[in-house]
Amino acid sequence: MSKRKGGEIIASGLVKEGIDHVFGICGHGNIGLLDCLYEVRDKVRLVSPRHEQTAVHMADGYFRVSHRPAATLTSTGPGSANQIMGLAVAQTDSSAVLSITANVPTSQFNRGPFQELNQHNQADFNNVVRPVVKRSFQPTRVEMLPLAIRQACSTMTTGRPGPVNLDIPYNLFQESAEVADEPVGSSFGQRRSGASGEDVNTVADWLLAAERPVIFVGHGVALSEAGRELTALAHRLSVPVISSPNGMGTIDMKDPLSLGFIGRNGAYQANQAGRHADLVLAVGVRFDDRSASSWIPGYSWNFPTTRLVHVDLDHAEIGRNYRPDLGILADARAFLRQILAEMDRRSVGQGGRLAGWQAQIAGWRAEWEAYLAPNWGQHSTPISPWRIVEDCLKVLPEDAILSLDSGVHHNWYMQYWQARRPQSMLNTWGYSGMGFGPSSILGAKLAAPDRVCVSVCGDGGFTMVPHVLCTAVEYDIPVVWVVWNNFAWGAIRDLQYAYFDGREYGTGFYQGENREPYNPDFAVWARAAGVAGFTVTRSEDFAATLEEAIRLNRPALIDVHVDANIRPPGTGSWELPPLKPKEPVFGKPWRP
């Protein structure tokens, strides 16, 4: 037992849990904790962005790349509320973030002090944050802090990772009490539950009997760091792999067995394989509407005609949208190792299987590549989106980290990007929060300082978080932003064109009576903040400009003027009820 301030308990708790970064913004409610963090500044780095949403996105990006949780710190009231969207993104995409929020002092509970929420309960921020975190803890005495820290860290990293909130009345930061240390709570990567032997045998039987199997993988495979096992199983059984956005890179996407993404903006061969498969082994992945063509049979999948094995750590995802023939509650890496071991036991050799299925897929891939071929290698004004993706593929190194925001640019990269490694493609997929891409790339770079980190983001999304420029300069974080400048909320404008006879309203950026396209000069904006700024309006100039921005090894922004009237070809579907979904541009749905 030792007598310590609450702030000292929290600071030492972060050190003990291995949390080495706090992304926090000061306020009257947390200065008592900031003073204690000063004492551990050699072990826990404080990075202070200009907005709390960005703080969470940075912690999110840091975790996705390193698989080490970071903390965020906000003051009582608005600062804490500013985190909500970022926490929702982290929750839906399974990122562990320790959100430390300050609240009003316990002596003032329910008196309506400055920034208290008390309509239904005193100091009621917990009810604000609860839907977007795994758990919100509110210790009200210093003696409660050690247990709360341990339980919070254990909760955010055990099972399906996710954000957890510690909401702490700010008097606790400077008050003292006799407390005993708690053991370490974080268990990320240590508890890996496997499948039963019976289920492993069944899955092995089904895999070996299937004539048209596919493996569908998501973020769960990346989180369990099971890329090696996935690749080994795919090669051993000659089974093709379809990836969700957050699963991209768990198998090298240049591998012949990688079919890419599935859904409306998926690759044709992925949708065709999904439609025609007789067995789908889904591992660590959700069947959300965008990766399942809104669950319309024949567009991406054909359940229940197709046999489904669904493996996930989260029981709530198993059977949420499709009833599996076999549901398995297990960690992705543990399960894949079990299947590989079973193949060893049965002396199943390497490759050479499913020749007919491989040939069929090769034919679909050839059709798709022939359809796309005329669009590559072209220069045009305004710049074609094809050119931007193509030059990024050419210029960025194999181990580059790419972050993408919500917007039409994301659809292009879903369809054509080739992630070579796990944890190298950051997407705001489940909640699709704008501002994630430009912000999370800062956390990614702090997690991987020796790797090239590039954010491709829309003009709309970037203008939501332009203060990321300041943070990059203040903390010398050499990232590159590629602003996809099409002078519109392009993805939504395209929906207006598709469903409402081209009536555009509220989706274009215009100035004056003549409705001239308008955006700020992003390059000048960047230079005003101390960031290297470039404007590219000629397609011939983009690749060299991107190379230069990377070579500088300092924060850089490229404002690329992109043609808003070229859209990626749909190969699946996406429904906006009650509107009738659009048919694929390439390929047709198929039902057995």
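When the test is whether a residue is within 16 Å of W484 (Cα to Cα) and buried (at least 24 other Cβ atoms within 10 Å of the Cβ), M414 passes it. Checked against (1) of a type in the set (D, E, K, R); (2) closer than 24 Å to Q423 by Cα; (3) assigned to a loop (DSSP other than H, G, I, E, B), R323 passes all but condition (2).
When each of S440, S432 is tested for being among the hydroxyl-bearing types (S, T, Y) and on the phi > 0 side of the Ramachandran plot, the lone residue that passes is S432. Restricting P169, P146, P183, P213 to those that are without any contact (Cβ under 8 Å) to a residue 60 or more places away in the chain, under 32 Å from the mean Cα position of the chain (by Cα) and at negative phi reduces the list to P183.
Quick check on my filter: what residues within the range 494-514 are surrounded by 16 or more Cβ atoms within 10 Å (Cβ to Cβ), outside any strand (DSSP E or B) and either in contact with a strand residue (DSSP E or B) (Cβ under 8 Å, 6 or more places away or on another chain) or free of Cβ contacts under 8 Å to residues at least 12 places away in the same chain (or both)? Within the range 494-514, Q496, T507, F509 qualify. Please indicate, with yes or no, whether at least one residue in the range 447-463 is more than 26 Å from A419 (Cα to Cα) and surrounded by fewer than 21 Cβ atoms within 10 Å (Cβ to Cβ). Checking the range 447-463: at least one residue is more than 26 Å from A419 (Cα to Cα) and surrounded by fewer than 21 Cβ atoms within 10 Å (Cβ to Cβ).
Listed by first and then second residue, the pairs linking a residue in the range 523-536 that is more than 14 Å from T463 (Cβ to Cβ) to a residue that is of a type in the set (K, R), with Cβ atoms under 7 Å apart and 6 or more places separating them unless they lie on different chains, are A532/R554; G533/R527. For the range 189-207, taking the residues that are at pLDDT 95 or above and part of a loop (DSSP other than H, G, I, E, B), the one that is surrounded by the most Cβ atoms within 10 Å (Cβ to Cβ) is identified as A195.
I need a count of the residues in the range 377-406 that are more than 24 Å from I477 (Cβ to Cβ) and in a helix (DSSP H, G or I).
Step one: of the range 377-406, the residues more than 24 Å from I477 (Cβ to Cβ) are 377-387, 389-390, 393-394.
After this cut, where a residue has to be in a helix (DSSP H, G or I) as well, the list is 385-387, 389-390, 393-394.
Residues flagged as more than 24 Å from I477 (Cβ to Cβ) and in a helix (DSSP H, G or I) within the range 377-406 amount to 7.
So is R320 under 26 Å from S291 (Cα atoms) and of a type in the set (D, E, K, R) or not? So that I can check it myself, show each step before the final result.
Details: under 26 Å from S291 (Cα atoms): yes; of a type in the set (D, E, K, R): yes.
So R320 fits the description; yes.
Here the condition is being over 30 Å from F125 (Cβ atoms), in contact with a strand residue (DSSP E or B) (Cβ under 8 Å, 6 or more places away or on another chain) and buried (at least 18 other Cβ atoms within 10 Å of the Cβ); of A222, A210, it holds for A210 alone. Evaluate the following for A102: is it buried (at least 19 other Cβ atoms within 10 Å of the Cβ) and more than 23 Å from the chain's Cα centre (by Cα)? Against the criterion (buried (at least 19 other Cβ atoms within 10 Å of the Cβ) and more than 23 Å from the chain's Cα centre (by Cα)), A102 qualifies. For the range 267-295, give me each residue that is over 23 Å from A226 (Cα atoms) and either in the same structural domain as Y431 (by TED's automatic domain parsing) or basic (K, R) (or both). R275, R290, listed by residue number.
Within the range 349-356, is there a residue that is part of a loop (DSSP other than H, G, I, E, B) and surrounded by 23 or more Cβ atoms within 10 Å (Cβ to Cβ)? Within the range 349-356, none of the residues are part of a loop (DSSP other than H, G, I, E, B) and surrounded by 23 or more Cβ atoms within 10 Å (Cβ to Cβ). Whenever a residue of the range 452-468 is in a loop (DSSP other than H, G, I, E, B), its partners that are of a type in the set (G, A, S) and at pLDDT 95 or above, lying with C-beta atoms within less than 6 angstrom and at least six residues away or across chains, give the pairs V452/A400; M464/G435; V465/G435; V465/S439. In summary, W481 fulfils each of the numbered conditions (1) touching a residue at least 12 places away in the same chain (Cβ under 8 Å); (2) of a type outside the set (D, E, K, R); (3) surrounded by fewer than 23 Cβ atoms within 10 Å (Cβ to Cβ) with the single exception of condition (3).
Select from the range 336-349 the residues that are of a type outside the set (A, V, I, L, M) and within 19 Å of A209 (Cβ to Cβ) and list them in ascending order.
Q338, E342, D344, R345, R346, S347, G349, listed by residue number.
Within the range 154-188, the set of residues being in a loop (DSSP other than H, G, I, E, B) and buried (at least 22 other Cβ atoms within 10 Å of the Cβ) comprises P161, G162, P163, S186. Restricting A491, A549, A544, A526 to residues that are surrounded by fewer than 19 Cβ atoms within 10 Å (Cβ to Cβ), of a type in the set (G, A, S) and not in a loop (DSSP other than H, G, I, E, B) narrows the list to A544. Is there a residue in the range 271-283 that is among the polar types (S, T, N, Q) and either closer than 16 Å to Y416 by Cβ or without any contact (Cβ under 8 Å) to a residue 12 or more places away in the chain (or both)? Yes. Scanning the range 68-94 for residues that are buried (at least 21 other Cβ atoms within 10 Å of the Cβ), polar (S, T, N, Q) and assigned to a helix (DSSP H, G or I) gives S80, Q91. Out of all the residues in the range 111-123, is one or more among the aromatic types (F, W, Y) and either buried (at least 17 other Cβ atoms within 10 Å of the Cβ) or free of Cβ contacts under 8 Å to residues at least 12 places away in the same chain (or both)? No; the residues of the range 111-123 include none that is among the aromatic types (F, W, Y) and either buried (at least 17 other Cβ atoms within 10 Å of the Cβ) or free of Cβ contacts under 8 Å to residues at least 12 places away in the same chain (or both). Taken together, the criteria place R307 among residues that are charged (D, E, K, R), in contact with a strand residue (DSSP E or B) (Cβ under 7 Å, 6 or more places away or on another chain) and within 22 Å of A273 (Cα to Cα).
The values are calculated or read from the model by the stated rules, or taken from the named source; none is laboratory data. Nothing here was measured: the structure is a model prediction, and the numbers come from that model. Cβ: placed from backbone, ideal geometry, glycine included. Neighbour counts: every protein chain shown.
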